[in-house]
Amino acid sequence: SVVGIGSASDATCAVMADGSVRCWGRNTYGQLGNNPTTNSLLPVIVQGLSSVQEVAGGYYHMCARQTGGAVLCWGYNAQGGLGDGTTTNRSVPVQVSGITTGATSLGSGYIHTCAVVNGGVRCWGYNAN
């Protein structure tokens, strides 16, 4: 059963009761997280995720928060919206630099994401005004 849901521009992801994540929709930048960049009308399992508590999506990227507070993201990354220190799009989840524990919530916008981590806020991605 589904326990949470998040959406990006053209994709939606559901957190399942077993802690896995399934996504469907457009996959141009890998935002479905299942490695190929093929669109899917049916939910596909995001690779390499377990114990997920929450997902949040932005433009063409998604992020997940796991039990214990690690944050991983996948999809569009031209402005660093995945938080891995690169601008390379990723079709499978990558660890957000410096957030391996302690995150308690997520929020995503256009090409950025923020997390509450150990009582403070950490954000990454597009930073234009």
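The values are calculated or read from the model by the stated rules, or taken from the named source; none is laboratory data. Given the structure is predicted, the values throughout are model-derived calculations rather than measurements. Cβ atoms come from the backbone with ideal geometry, glycine included; neighbour counts cover every protein chain shown. Accessible surface areas use protein heavy atoms only, side chains included; no ligands, DNA or RNA. Shrake-Rupley method; radii C 1.70, N 1.55, O 1.52, S 1.80 Å.
Quick notes on this one:
- Alpha-carbon spread of the stretch 8-57, three principal axes, descending order, Å: 26, 18, 16
- Nearest-20 debye value, the chain charge dipole, Cβ charges on Lys, Arg, Asp, Glu: 60
- Whole-number accessible area per residue in Å² for the chain, which is evaluated in the context of all protein chains at 1.4 Å: 46
- Annotation: amide H-H contacts under 5 Å for Thr113 (H modelled 1.01 Å from N, sequence separation of 5 or more, or interchain): Trp124.
- The 3J(HN,Hα) values that the Karplus relation (6.51, -1.76, 1.60; θ = phi - 60°) gives for the stretch 90-106 are, in residue order, 10, 9, 9, x, 10, 5, 6, 4, x, 10, 9, 8, x, 6, 10, 6, 10 Hz. Gly and Pro appear as x.
- √(5λ) per eigenvalue of the Cα gyration tensor, the stretch 42-129, largest first, Å: 17, 17, 11
- The mean sequence separation of alpha-carbon pairs under 8 Å and at least six residues apart, normalised by the residue count of the stretch 60-118, gives a relative contact order of 32 percent.
- 10 °C / 1.306 mPa s Stokes-Einstein diffusion coefficient of the stretch 23-83, Kirkwood radius on C-alpha pairs, µm²/s: 136
- For the stretch 83-119 versus the stretch 1-30, the gap between their alpha-carbon centres in whole angstrom: 16
- Full-stretch length increase - Thr86, Asn35 - with 0.36 nm per residue and alpha-carbon distance subtracted: 16.6 nm
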